[in-house]
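Let me begin by presenting the structure, written as structure tokens, before commenting on it.
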């Protein structure tokens, strides 16, 4: 082999190695990405079958059905445009209840979303951004202003400071 042929072989193997590396990284990232879909997205067929993703919405009132002999729970989620059925086996978060926003991770099996994890909102003013966006997009979400940070409280501070913190009125009572 001439030096030029050796150099060309080396360059070709280097390009092939980089291509394989990029392909493997892309595949690994694709398997670990959890896209978010609203109930409307799923009803319209935009969600993948047998691939993990997240669904979010409000739990439909009166839709929660618990199996008394197991930890199976079935409920419907809505974005106020469409509803979609969710099945979950496990212990739900304490904050899970009808009419509240949740995000579930799992797979679509036929016409039912089988959840592996269910996350509930953490206080009365919070809704996951993806859920709020999906509800706003559907044009059915009238309470969008309630999800924004209150104007009279500086960003980074909470409306209810922890007891004993510098921002708590109880801490500053004797300072006057």
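When residue 62 is tested against the conditions (1) out of contact with any helix residue (DSSP H, G or I) (no Cβ under 9 Å at 6 or more places or on another chain); (2) surrounded by 11 or more Cβ atoms within 10 Å (Cβ to Cβ); (3) in the same structural domain as residue 82 (by TED's automatic domain parsing), the lone failure is (2). Beta carbons closer than 8 Å, at least 6 apart along the sequence or on distinct chains, pair a first residue in segment 13-37 that is touching a residue at least 24 places away in the same chain (Cβ under 8 Å) with a second that is part of a helix (DSSP H, G or I) for 36/130; 36/134.
Let's see how each residue does on (1) in the same structural domain as residue 130 (by TED's automatic domain parsing); (2) modelled with pLDDT of 90 or more:
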site	(1), (2)
2	no, yes
17	no, yes
23	no, yes
44	yes, yes
91	yes, yes
94	yes, no
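Restricting attention to segment 65-98, the residues being assigned to a loop (DSSP other than H, G, I, E, B), surrounded by fewer than 16 Cβ atoms within 10 Å (Cβ to Cβ) and touching a strand residue (DSSP E or B) at 6+ places or on another chain (Cβ under 9 Å) number 9.
Here residue 57 meets the list (1) part of a strand (DSSP E or B); (2) farther than 22 Å from residue 136 by Cα almost entirely, failing just condition (2). The set of residues in segment 42-54 that are closer than 23 Å to residue 138 by Cβ and outside any strand (DSSP E or B) comprises 42, 43, 44, 45, 46, 47, 48.
The values are calculated or read from the model by the stated rules, or taken from the named source; none is laboratory data. From a predicted model like this one, the values you see are computed outputs, not experimental measurements. Because the Cβ atoms are built from the backbone with ideal geometry, glycine has one as well, and the counts that use them run over all protein chains shown.
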